[in-house]
1. In region 161-171, is there at least one residue being in contact with a strand residue (DSSP E or B) (Cβ under 6 Å, 6 or more places away or on another chain), of a type outside the set (Gly, Ala, Ser) and under 25 Å from Arg107 (Cβ atoms)?
2. Considering only region 1-46, how many residues are farther than 27 Å from Ala228 by Cβ and either in a strand (DSSP E or B) or among the hydrophobic types (A, V, I, L, M, F, W, C) (or both)?
3. Only residues that are surrounded by fewer than 19 Cβ atoms within 10 Å (Cβ to Cβ), among the small types (Gly, Ala, Ser) and within 19 Å of the chain's Cα centre (by Cα): list them for region 1-23, please.
4. On the basis of being in the same structural domain as Arg150 (by TED's automatic domain parsing) and part of a loop (DSSP other than H, G, I, E, B), does Ala92 make the cut?
5. Of all residues in region 104-127, count the ones that are assigned to a helix (DSSP H, G or I), within 19 Å of the chain's Cα centre (by Cα) and within 18 Å of Ser182 (Cβ to Cβ).
6. Got a sec? Which of Val191, Val164 is in a loop (DSSP other than H, G, I, E, B), in contact (Cβ under 8 Å) with a residue 60 or more places away in the chain and surrounded by 22 or more Cβ atoms within 10 Å (Cβ to Cβ)?
7. Which of the numbered conditions does Ala233 fail, given that it passes all the others? Conditions: (1) in a loop (DSSP other than H, G, I, E, B); (2) at pLDDT below 90.
8. Report yes if Leu176 is surrounded by 16 or more Cβ atoms within 10 Å (Cβ to Cβ), modelled with pLDDT of 95 or more and assigned by TED's automatic domain parsing to the domain that holds Leu210, otherwise no.
Amino acid sequence: MTSLLEVQGVTKRFGGLTANSEITFDANAGEIVGIIGPNGAGKSTLFDLITGFERADAGEVRLDGRRITGVRPDRICALGVGRTFQKLKPFADMTVAENVMVGALARTHRMREARDRALEALAFVDLLERRDRFARELSTGQRKRLELARALATGPRLILMDEVTGGVDQRTIPGLIELVLSLKARGLAVVLIEHNMAVMMRIADRILALHAGRRIAFGPPAEVRQDALVVDAYLGSADHAA
């Protein structure tokens, strides 16, 4: 069976710096694949390569068996790849609904249909009641939900999520976790960058660990957590890993 996402031997260099070196992993529909690694490990660069914001120097990315290496970001989005970003930059002076309509317009040029798509996505992330509020009025947790709604409005089969729980208070985290699990229940493939290891161990089906641009482990959370290279490079100690 072909995985929905296949990343095969992807390498990206910036001058003398190798940000990603021969990275290989895959993700299936209805699966959450987590990506962990210290700052500078190459996690966000990997997302840029998958979504077309950067072009790989070697290797390839396939979506449902189709090679998308070198394809423009807008075309990759149209093929069914959505993305959220670590740095939240909504259109502050537009309403919540208008922000999500921007994503929906990747699928349709009809404004009414775009609004319907936007409202459906806002209902899913529990922001429908705030649809007519300006985006600048939202809390950080609500902006995370808005970012996800905008990605969902593009109609993705695969969604890449960068730091879902970063910058939010502890009370907000459980709701965001439930949203991610709901995406899996919908049958989407989810690839998630997350520094909160408790969250990652709870929700990921498989984890890709990166260090200095290289893959050091890929597999079920219980295995990755005990991997000696992961403990040394990221978790810090066997006690912390547990």
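The values are calculated or read from the model by the stated rules, or taken from the named source; none is laboratory data. The structure presented is a predicted model; accordingly, all values stated were derived computationally and were not measured. Cβ placement follows ideal geometry from the backbone for every residue including glycine, while neighbour counts extend to all protein chains displayed.
1. Yes - at least one qualifying residue is present in region 161-171.
2. 7
3. Selection gives Ser3 alone.
4. Taking the combined requirement at face value, the residue satisfies it.
5. Selection size over region 104-127: 3.
6. After ruling out the rest, the residue left standing is Val164.
7. (1)
8. no
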